[in-house]
Structure formats: C-alpha cells, structure tokens
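Chemist: Sharing a structure below in structure tokens format, with a few things to ask.
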Amino acid sequence: MAAGVEAEPIAVVAERTGRMLLKTLHEVGGVAGLSAAHEEVSAHHGNNYTPLMERYYRSHRAALFAMLDVLDLEPTSADHAVTDAVTVLRANRKRIGEYLPDHHDGAPIDVSFASEVWRVTMWDRRRPDKLRRRHFEVCVFAHLAAELRNGNIAVAGSQEYADLHAQLMTWTECEPLVGEYCAQAGLPDTAAGCVTAWKRQLSELAERVDAGYPDNADLVISDGHPVLKRRAGKDRRPAALRLESTVHQRLPQRELLAILTRTGYQTGWPRHFGPASGSDPKLRDALGRYVPTAFCYGTYLGPAELERDMPGQVTARELARAFHQHCGLDRLQSAETDVINAYNRLDITQLWATGGRSAPTAPRCLPGKIISWPRPASGMDQPGKSHTDTFQTPMLRCSPGSSRVGCGKRSTSSTGC
C-alpha cells in the first residue's frame, strides 16, 4: 500500500461489495431469475431437456386445462397412473404456488409413468415431500399426449382416439365362428381338445429329442442344464489360402484419410464447401481443412477426439468452425453426388451390381458414406468438447491411426472402397 493512503475499514468494503452484488442480482431478475438460469444450465449439462419445456407451456396452460374440461378420458388398460395424475391436475388447477404436495386425498401421487429425468425435474431435494407444480403439469400433459397417440388412453365419443377394445368383436359374435376357424387352422374346437393335442405334440417332440441325444455331439447336459458346444470351423482349402495371400500382396493397406484426400483431389468435392457469402475460403489449405472435417464428422468421431489423434496438425475449434461456417446441407449433398457419380463410373461397380438389382455383398462407396455425415443438433456443438452425443445415427467408429482398409493386414474396419 502506498504511503499516506489509509486502508478502508473492512466493514465499509464489505458493505460496498454487498451493494454491488445485490445490484447485479437484481438486474438479472433476483434470486428467482438466477435460480431459473441455474436450472437451465444444469439441465443442459446433464442432457436433460425437461426443465426447458416449462417456458413454452405457460402460454398454453389455459387452453390445455380447457381441453381437459371438454374431453372424457378413459384408460384402455389396467394402468391408470396417467389418468389419476390428470385427476390431480384438475383438482389443483387454481393453485398458484411453486410447489404441490406429493399426496392427494390421503394417497401418494403415482408418478410411475414418468422417466428418471422427469422425476429429477419434478422433485426438489430440499423438499422431498413436495412436487414442482409447473414441471409436474408439463410432465403429465406430455405423457397424456403420448398415451393418446399409442392408444392407452381413449376419448369417449371420438373416432380418431376411440377405444380399440370397444371396436373388437364380442365373444357372443365370435362363438359361432370358432368351429370354422379351428377347422381351417387344423386345431380342435374345444379347450380340452387343444390341451390334449398340444400335450401329445410336446411328448412326441421330447421323445424324438431323447432318441437323438446319444448321436448329438453338440449337445451336452451339464449340472442338469442343456449346453450347446461351439462348433469348430472347417479347415480352409489350400486354394483359398493362396487366393488370400495373392490379394494381400496386390492390394496395399490404405488409410481412410488418404482415401478421402485422394478422392477430394480427383473429384474436387471440397470445392462445394466454403463461406455462406460465396466468396473463396480464407484458408491456407482448404483441402487440408475440409478433408479432416469430413472425416471427423462422417466417422462420428468428433473434432475433440480427432484433435487428440492428430496433435499439432488440427484443432477442435478449427474443425468445428469449418463445419458450421463452410458446410451446409445443400453443399453436403452436392459433394456426396460428385463422389457417388465418380464411384459409379468405375469398372468394378459393373462387376458387383447392375442398374436394377444390387448384389448383397457389393462394397459401398466409402468416401460418399463418410461425406454424408449426420447433421448435429443446432447449438450443441462446442469446440473442445466431444460431439458424440449430438448426432442422430452413427456412421463409422474409427480413428486415423486404426481406420485402415485394404488387404495389407487384417483390418477391423467393416467398410472398404
């Protein structure tokens, strides 16, 4: 501390700091706003979207409850958990508090229909005997919609959501048709006759199995339980071994990145990628950037994992930026079309299949398969984070060092080009 400058008392500093903190807290909505923001961030990190649904529910709450007043809901199965929860909703319609007791009419509210993520959202660890009212309402309405779609709940008087069981034939209507049906199916037309016939068939089958057991080398009885032995494969013929050796000699081992780079150079598919403005990409090596981008997303690897596999050569931020800013859906389809058209012009494709029928063992076009990577959920991609949880369908799971195809060595990759 400089000479002549007196230090402020700690009480003054604490008071000023407290005022600044309260001012900042008030600007973001107070404790309630901070709690809501914390809830959203926690839900995003935990891959739990359910807390985020309440904000879109608020404006539709009145309409949804009005719908409950009009519809006569009927469960079509023995599980009444959702309809019981709807009854709780109707009883607490005018409640405005943040929490709701977890008991109704002296019995606990049954939320067995809700998933684990919904239960985490509805219950507050600080109030184990309470439910978050708004989240409970959203949960019930969401499951009610699902039950109406799958037919577990019907709407009385509705044709679209009618009770399927009520539309089936009654036993009085079916009974005169039993004899004709059993005659066509080759079954006895009485319950006792069916039991006798099935017992006879089971006994005959058991006798055949017992008679063939001594000659069955694959089946053994161990500790009173039947066990099937694993069959050993047949020895390969010398001609097959010579063919495999020749193929390994003539087809060298190749890496997926090398295949993508070569097809990019020959077909020019990276030319479709670039900034949305249409100007040339301001990249020192556009091909060297787009090929790893197509590889990391097409193989479902993700930029963070590829950065770890290629240290010092590319970063996750560069890959994610190239993907989001330079690779649109229309450009992706154009690049894929270039590769597939070039592949179809190869002579080998005529040996594997024709234009009208495809051979079941024909190899797929690997570069086109990699380029047609799945689109990630918007807003979920962040540099430095693994992206394996943002895709809809997996493509290829591999890394640059191990993802090799060819016949130089046996490869674990199941796709070749």
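The values are calculated or read from the model by the stated rules, or taken from the named source; none is laboratory data. Since we're looking at a predicted model, the values are computed, not measured. Because the Cβ atoms are built from the backbone with ideal geometry, glycine has one as well, and the counts that use them run over all protein chains shown.
Chemist: Only residues that are touching a residue at least 24 places away in the same chain (Cβ under 8 Å), surrounded by fewer than 23 Cβ atoms within 10 Å (Cβ to Cβ) and in contact with a Gly (Cβ under 9 Å, 6 or more places away or on another chain): list them for the range 284-309, please.
Modeler: Result: Leu287, Ala304, Asp309.
Chemist: Please state which of the following conditions Trp269 fails to meet, knowing it meets all the rest: (1) in contact (Cβ under 8 Å) with a residue 24 or more places away in the chain; (2) out of contact with any Ser or Thr (no Cβ under 8 Å at 6 or more places or on another chain); (3) hydrophobic (A, V, I, L, M, F, W, C).
Modeler: Status for Trp269: all satisfied but (2).
Chemist: For the range 183-200, give me the residue count where each residue is surrounded by 10 or more Cβ atoms within 10 Å (Cβ to Cβ) and assigned to a helix (DSSP H, G or I).
Modeler: Residues meeting the conditions: 9.
Chemist: Right, next: Could we say that Glu207 is charged (D, E, K, R), under 44 Å from the mean Cα position of the chain (by Cα) and assigned to a helix (DSSP H, G or I) here?
Modeler: No: the conditions fail for Glu207.
Chemist: Could I ask something else about it? Could you check the range 295-348 and list, in sequence order, the residues that are among the aliphatic types (A, V, I, L, M), farther than 20 Å from Ala276 by Cα and in a helix (DSSP H, G or I)?
Modeler: Ala304, Leu306, Ala316, Val339, Ile340, Ala342, Ile348
Chemist: So, of the residues in the range 49-106 that are of a type outside the set (Val, Ile, Thr) and in contact with a Ser or Thr (Cβ under 7 Å, 6 or more places away or on another chain), which turns out to be modelled with the lowest pLDDT?
Modeler: Pro51
Chemist: Which pairs turn up if I take residues in the range 312-323 that are over 13 Å from Leu301 (Cβ atoms) and among the hydroxyl-bearing types (Ser, Thr, Tyr) and look for partners that are surrounded by fewer than 20 Cβ atoms within 10 Å (Cβ to Cβ) and at pLDDT below 85 with beta carbon separation below 8 Å, at least 6 apart in sequence or on another chain?
Modeler: Thr315/Pro383
Chemist: Another question, then. Closer than 30 Å to Gln325 by Cβ, modelled with pLDDT of 80 or more and in contact with a Pro (Cβ under 6 Å, 6 or more places away or on another chain): is that true of Leu287 in this structure?
Modeler: So Leu287 passes the test.
Chemist: Sticking with this one: For the range 85-119, give me the residue count where each residue is over 13 Å from Glu137 (Cβ atoms) and crowded, with 18+ Cβ neighbours inside 10 Å.
Modeler: The qualifying residues number 1.
Chemist: For the range 96-171, which strands (runs of 3 or more DSSP E) that fit wholly inside it have 3 or more residues that are among the β-branched types (Val, Ile, Thr), within 19 Å of Thr76 (Cβ to Cβ) and in contact with a Gly (Cβ under 6 Å, 6 or more places away or on another chain)?
Modeler: none
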